[in-house]
């Protein structure tokens with residue numbers, strides 16, 4: 001889990017690892033065998049698509065509606081090619097499946113952490129303290145998933161019902 005500064009956009013921070021400042025992730029991602037990137041439209045830019053392609057990773061990043069693009073200029077031919085390749089992939093069935101998985105696994109988790117867990121507005125001094133709090137919240141969330149899996153109860157509210165059933169028996 002990383003914590004990115006709020007003064008930088010998604011297209012800027014997609015290439016960095018917060019634990020190491022602004023080092024590129026290229027070597028790290030290739031060692032781990034990343035083959036595909038699935039993101040929301042905030043991460044879409046020609047530079048991001050070109051960088052992802054250079055790392056031999058397929059991108060599934062929807063385009064925001066910005067109107068007609070101007071492809072004239074130095075380096076724009078490469079960006080145009082990568083954008084059209086990405087656009088073709090985004091229109092396919094595989095993208096729909098991957099985006100659905102992303103929303104179920106990633107977006108739901110972060111919505112739970114930030115909204116239900118109260119991490120949207122954190123009043124702590126220093127980035128390191130905020131990162132510690134975020135890591136503890138993430139660890140607690142993962143621990144709850146593991147415990148529910150072990151106990152065989154799918155949702156937290158069903159655990160309450162299970163306790164009542166045990167007491168009645």
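The values are calculated or read from the model by the stated rules, or taken from the named source; none is laboratory data. Quantities reported herein were computed from a predicted structural model and do not represent experimental measurements. Quick reminder, even Gly has a Cβ in these numbers, built from the backbone with ideal geometry, and neighbours come from all protein chains shown.
The residue that is farthest from residue 7 (Cα to Cα), among those in region 97-129 that are modelled with pLDDT of 80 or more and surrounded by 14 or more Cβ atoms within 10 Å (Cβ to Cβ), is 98.
Just one residue in the set 78, 65 is in the same structural domain as residue 42 (by TED's automatic domain parsing) and in a helix (DSSP H, G or I); that residue is 78. On the basis of being under 19 Å from residue 14 (Cα atoms) and assigned to a helix (DSSP H, G or I), does residue 108 make the cut? Judged against the criteria, residue 108 is not a match.
Within region 42-62, being in a helix (DSSP H, G or I) and either farther than 20 Å from residue 104 by Cα or modelled with pLDDT of 85 or more (or both) holds for 46, 47, 48, 49, 50, 51, 52, 53, 54. With the condition kept exactly as written, say whether any residue in region 104-115 is in contact with a helix residue (DSSP H, G or I) (Cβ under 6 Å, 6 or more places away or on another chain) and assigned by TED's automatic domain parsing to the domain that holds residue 9. No, the conditions are met nowhere in region 104-115. The residue that is modelled with the highest pLDDT, among those in region 148-160 that are surrounded by 12 or more Cβ atoms within 10 Å (Cβ to Cβ) and in a helix (DSSP H, G or I), is 148. Take the conditions (1) modelled with pLDDT under 80; (2) part of a helix (DSSP H, G or I); (3) over 18 Å from residue 37 (Cα atoms); residue 136 misses just one of them, which is (1).
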